[in-house]
1. The conditions are (1) closer than 23 Å to residue 64 by Cβ; (2) of a type outside the set (Ser, Thr, Tyr); (3) without any contact (Cβ under 8 Å) to a residue 40 or more places away in the chain; (4) out of contact with any strand residue (DSSP E or B) (no Cβ under 7 Å at 6 or more places or on another chain), and residue 280 fails exactly one of them. Which is it?
2. Could we say that residue 241 is assigned to a helix (DSSP H, G or I), under 17 Å from residue 192 (Cα atoms) and either out of contact with any Gly (no Cβ under 7 Å at 6 or more places or on another chain) or touching a residue at least 24 places away in the same chain (Cβ under 8 Å) (or both) here?
3. Could you please find all residues in region 239-275 being surrounded by fewer than 14 Cβ atoms within 10 Å (Cβ to Cβ) and more than 21 Å from residue 214 (Cα to Cα)?
4. Considering (1) of a type in the set (A, V, I, L, M, F, W, C); (2) surrounded by 21 or more Cβ atoms within 10 Å (Cβ to Cβ); (3) in contact with a helix residue (DSSP H, G or I) (Cβ under 6 Å, 6 or more places away or on another chain); (4) part of a helix (DSSP H, G or I), say which one residue 228 fails and leave the rest.
5. Among the residues of region 118-137, how many are crowded, with 17+ Cβ neighbours inside 10 Å, over 22 Å from the mean Cα position of the chain (by Cα) and of a type in the set (A, V, I, L, M, F, W, C)?
6. Could you please let me know if residue 156 is in contact with a Leu (Cβ under 7 Å, 6 or more places away or on another chain), in a loop (DSSP other than H, G, I, E, B), more than 28 Å from residue 39 (Cα to Cα) and polar (S, T, N, Q)?
Amino acid sequence: MPVIRSSTTSLVTNLAVKTLDAATRLNRIGANVIAPISPIDLRVTELAKSFNGVPIFKHVTFELTRSEVVAIVGANGTGKSTLLRCLMGLIPTDAGEIDVLDTKLRSASNAELRTLRSKMGLVSQKHNLVPRLSVLSNVVQGFLGQKPGVRHWCQSFAPASSRNRAMAALEKVGLAHLASRRSDRLSGGQSQRVAIARALVGKPNILIADEPTASLDPAAGEDVMELFFDLARQEGVTVIFISHNIAHALQYADRVLGLADAGMQLDERSERLSAAELRGLYD
């Protein structure tokens, strides 16, 4: 007597086969999936700069991706601060290309450069606060790059929206309770945090710091570096900082760029480097 296969059994069998095939295809696709690539915020190609015919650096090439923390190290006179000034379009270069946030500096107009700089925050070694103004007024001045005029000279002239954003920036650096204090009555660490809040108030894409812990005691310096690291991770800010502190470069940076002998001699992930290798840049 012939065996009769039920239609229900056939349907279940076919469905199981199709499901298995689909799962196999998904596994194969999953094995080949490439993680999303972070946008490139800054690209430098064959950059060269000299002063009075003396080369500072040449053939400098590197890229920075979104929310990356990058340390620039090297002995005095190797061009670290000069490189930062070039990246912001503050001084001309001799050769090469700099592309910041999709703006080519060499061909950018003055208006385009002003717009670009408003997307970049700068924290310098000297803090550059106005001593007689309050902490809040100094932070409000961070809007001057985007909104020039007397309304952002001090907090009493500023619109409520600007004061609120300035207070939010102070909250991020843990100094909202000192908003009304005069800047000349702050400690070194507090002063640096106010400078960071001033740089943050404009919501920059890139934050540049020139030896931000050089004038601070070790504890305050650690606090500032933790703050930079948190900004990159939580706010998506790309951070570039110069440091002579090898431990900071290894602990807080994702990558380390090393300048020596009129060029870039190092571009490596920090976890692949040792303190001895970085000290070699200073010999």
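Every read-out reported here was derived from the displayed coordinates using simple, explicitly stated rules and does not represent laboratory data. These numbers were taken from a predicted model, which means no experiment stands behind them. Every residue, glycine as well, gets a Cβ built from its backbone with ideal geometry; the counts of neighbours run over all protein chains shown.
1. Tallying (1) closer than 23 Å to residue 64 by Cβ; (2) of a type outside the set (Ser, Thr, Tyr); (3) without any contact (Cβ under 8 Å) to a residue 40 or more places away in the chain; (4) out of contact with any strand residue (DSSP E or B) (no Cβ under 7 Å at 6 or more places or on another chain), residue 280 fails exactly one: (1).
2. no
3. Matches in region 239-275: 261, 268, 269, 271, 272, 274.
4. Unmet for residue 228, out of (1) of a type in the set (A, V, I, L, M, F, W, C); (2) surrounded by 21 or more Cβ atoms within 10 Å (Cβ to Cβ); (3) in contact with a helix residue (DSSP H, G or I) (Cβ under 6 Å, 6 or more places away or on another chain); (4) part of a helix (DSSP H, G or I): (3).
5. Selection size over region 118-137: 3.
6. It is false that residue 156 is in contact with a Leu (Cβ under 7 Å, 6 or more places away or on another chain), in a loop (DSSP other than H, G, I, E, B), more than 28 Å from residue 39 (Cα to Cα) and polar (S, T, N, Q).
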